[in-house]
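The values are calculated or read from the model by the stated rules, or taken from the named source; none is laboratory data. In this text, all values refer to a predicted model and were calculated from it rather than measured experimentally. Counting neighbours? That spans all protein chains shown, and the Cβs are built from the backbone with ideal geometry, glycine included. Ligands, DNA and RNA are excluded from the accessible area calculation, which covers all protein heavy atoms including side chains. Shrake-Rupley method; radii C 1.70, N 1.55, O 1.52, S 1.80 Å.
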Amino acid sequence: MANREELLIIRSARAGHPQAQLALGKRYLFGSTNLPQSHATALHWLEKAAEQNQSEAWMLIGENVSFTVARQAEDPLRVAVWYERAFEGKSARAGLVFAMLVFSCWTRAEDGLRQKSMRALKVAAEAGIADAQWLYAQQLGMHELLAAKTPQEIPAQIQQRRDQIVEWAAKAALGGISEAQQALADYWWQQGDVTRFMLWGLPIAQELDRKAHGPMASRWSLDKKQLGLILRCAKAMSMQADTNLRLVERYLKIAAEGGDAKAQLAYGLWAARMDEDGNRVRRMPGVAHYKKAIRWLSQAAENGEAAAWFAISRVYLKPEFSRRSINESRRCLELAGAAGHRTAQFELAQIAWRTRKIDRRGDVRAVYWLQKAASQGDPEAVAMLNRIAPAVRRSEWAATARASFNRDISSQYPFLAARVELAYWFGLTRAEALLIDVEASDHGHCLEVDIRDSHPRSRRRLIQILTGEQRRALERASRVFDITDARGKNGPEGNYRQRLYRFRSIFGQQRATQSRRA
C-alpha cells in the first residue's frame, strides 16, 4: 500500500502535473518501498509527462522500457515517438527499440520514418549492442543468405553485401546472441568451411549436450534444428584427421535418439563401420555391430531415408554377418529403389537385365528402373537405357498415312486408324503397327513390340513412353481395342494379310483421290 507521500504524488499525477507524473513513472519504473515495479505502468505515466515536454521522461522511456512492453501499446508508432526523441538525445538503446517498433508497423510507417529507423538501428549496432547487431544483419539479408541453397540463388544485392552481413552477424554472435551463432554455423556449413563451422557450431552442441544430460534433462528436449546441428558437428569432427571419435559417436547417438532420421542413418552406418555404399571404413575403431546397425538403419528407413534401405541391403550381404541373406538383401534393395535411391535403382536394373533370359519380362523391368535412375541424373543409367530402349523417330509412312485418313475413313476403320496413330507416335514399322497387341504391349513406362509369332523376321524391341502425346495415343487405342472379339486372327480385323490388303486399298484410294484433285 502506498504511503502518504506516494498518495500525494498519485493525486498530483492524476490531476495532470508533469513533475508528479514523472516522479510516479520513476517509482513504477524502478520500484519503491510500497509501489511494485511495473514497466507498463511506468510507461503510461512517463508518456503523460513526456507529452508535457519533460525530456527526462522520454530519455527514461528510451533507456529503460523494453520493446516487449512498448509493443503492447494500442499504437506502437505513437510510442515510437518517445524512443525517437531519446535516440536524438544520443541514446543508442532507444534507437534499437525505435527501429523495432517501426519494423513492427512497417506497412503503416512513412518513408522518412523507415529510413530514420534504419539509421537508428545502424547507430545502435555500431555502439556495440548485440541485439542491434543481429537485427541489423537480418535487415541486411541474413535470412536470404541462409535460404539460398546455391550461390546462384542469392540475389545480387545480397551477394554484394554478403561480407558485411556475416561481419555483423559475427559481432552479434560474439555478444552472446545464440540465434546469430546458429545462423553463422548454418552459413559456414553451407559454404563447406568445416573449420569455421566448428568455431560456431561446436560450442552450441556442447551446451545442448550439457542440457540434455544435466539435472534438468527430463524437462529438456532437443528440437529438429538442434538435433541437426549436433549431427553436423559429428560429421564435421569425423572429417578431421585428429579427432575424438568417442565424441563423434556420442553426438551421433544423441541425434539418433532424438528422432533425427539422418542421424539414425549415420549412427547405423557408424555401428556397421561402413559408408553408404557398404564399404568398410578403416579409420572407425572397433568391430562392426551389424544387428545394432540394422536396428538404427531400420528406424531411419521408416522415417523416409532411402539410403538406409540400401545400407541394410549391403549389411545382409556381409559374409561375416550371422544373418546373411541374399533374399533379404534383395528385398531391401527393392525398397530402396522404390523410395528413390538412385544407386539401388541402377543395381535393380542391372539385375533384371542379367536375368532377362530366365525371366521373359526382365528387360521390361530393367527399363523401368533405368528410367527412375536416369531421371535423377545417373549417367550410367542414361547410357544403358539408350542401349536397351533407344529413342525412336516418328515414322514417315505413318505420318503420310495419318494425314490421308479423314474422319469418315477413321470412323469406318477405327482399328486401322488407331494402329496408324500408334505407328506415328512410336516409330513403328508397318508390320509392327498392323500386328501389335496394344493392351499386352503397354507396360505403363514402355511399349513392348513383339510380333515374332506372326512375323518371324521381325525382332522384339522396347520403346520408352516419354511424352504425354504417346500416353494419350495409347489410351485412345486401348479404348478402341477394348473389345474381346477385336483380338486375334479371327477378330474383325482378320489376319496380317487381310489387314495389309485393307491398308493398301484405303491408302491407295486416298492417294489416287488426292492426285485427281491436284
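For the chain, adding -39500 (n - 2.57) for each run of n ≥ 4 DSSP H residues and dividing by the number of residues yields -20500 deg cm²/dmol at 222 nm.
When nucleic acids and ligands are ignored and a 1.4 Å probe is applied, H289 ends up with an accessible area of around 90 Å².
In region 68-123, the inverse of the mean reciprocal separation of distinct Cα atoms equals 10.7 Å; this is its Kirkwood hydrodynamic radius. Rolling a 1.4 angstrom probe over the chain with all protein chains present gives an accessible area of which 48% lies on carbon and sulfur atoms. Specify the inter-centroid distance of region 312-363 and region 64-90, based on alpha-carbon positions, in whole Å. Cα centres, region 312-363 to region 64-90: 66 Å. Within the straight-line cut-off of under 30 Å between alpha carbons, the lysines reachable from K372 are K149, K235, K262, K318, K357, sequence neighbours fewer than 8 places apart in one chain being disregarded.
Kindly identify region 91-152 as rounded, prolate or oblate by the Cα gyration tensor criterion: order the square roots of the eigenvalues as a ≥ b ≥ c, call it rounded if a/c is under 1.5, otherwise compare a/b with b/c, prolate if a/b is larger, else oblate.
Here region 91-152 falls in the oblate category.
Relative to the longest principal axis of the Cα atoms of the chain, the long axis of helix 55-64 lies at roughly 50 degrees. The shape of region 300-355 comes out oblate: with a ≥ b ≥ c from the C-alpha gyration tensor, a/c is at least 1.5 while a/b does not beat b/c.
Derived from the Cα gyration tensor, the three semi-axes of the equivalent ellipsoid of region 261-321 are 17, 12, 10 Å, largest first. Cross-link partners of K122 among lysines, defined as those whose alpha carbon lies under 21 angstrom from its own and excluding same-chain residues fewer than eight positions apart: K90, K171. Computed from Cα atoms, the angle from the helix 379-388 axis to the main principal axis of the chain rounds to 20 degrees. Over the chain, the Kirkwood radius and the radius of gyration, each from Cα atoms, give a ratio Rg/Rh of 1.23. Set Lys and Arg Cβ to +1 and Asp and Glu Cβ to -1, take the dipole of the chain about its Cα centre, and tell me which of Y83, Q464, Y187 lies farthest positive. Projecting each Cα onto the dipole axis, the largest value belongs to Q464.
Taking the Cα centre of the chain as the origin and placing charges on Cβ (Lys, Arg +1; Asp, Glu -1), which of I326, L135, V166 is farthest toward the positive end of the dipole? Toward the positive end, the furthest listed residue is I326.
If only the Cβ of Lys and Arg carry +1 and only the Cβ of Asp and Glu carry -1, the dipole of region 169-311 around its Cα centre is close to 400 debye. Gyration tensor over the Cα atoms of region 152-259: the corresponding equivalent ellipsoid has semi-axes (square roots of 5 times the eigenvalues, largest first) of 27, 17, 12 Å.
Hydrodynamic analysis of region 360-501 uses the Kirkwood radius over alpha carbon pairs. Inserted into Stokes-Einstein at 25 °C and 0.890 mPa s, it gives a translational diffusion coefficient of 154 µm²/s.
Using only alpha-carbon positions in region 409-469, the gyration tensor eigenvalues give semi-axes of 18, 16, 9 Å once each is multiplied by 5 and square-rooted (largest first).
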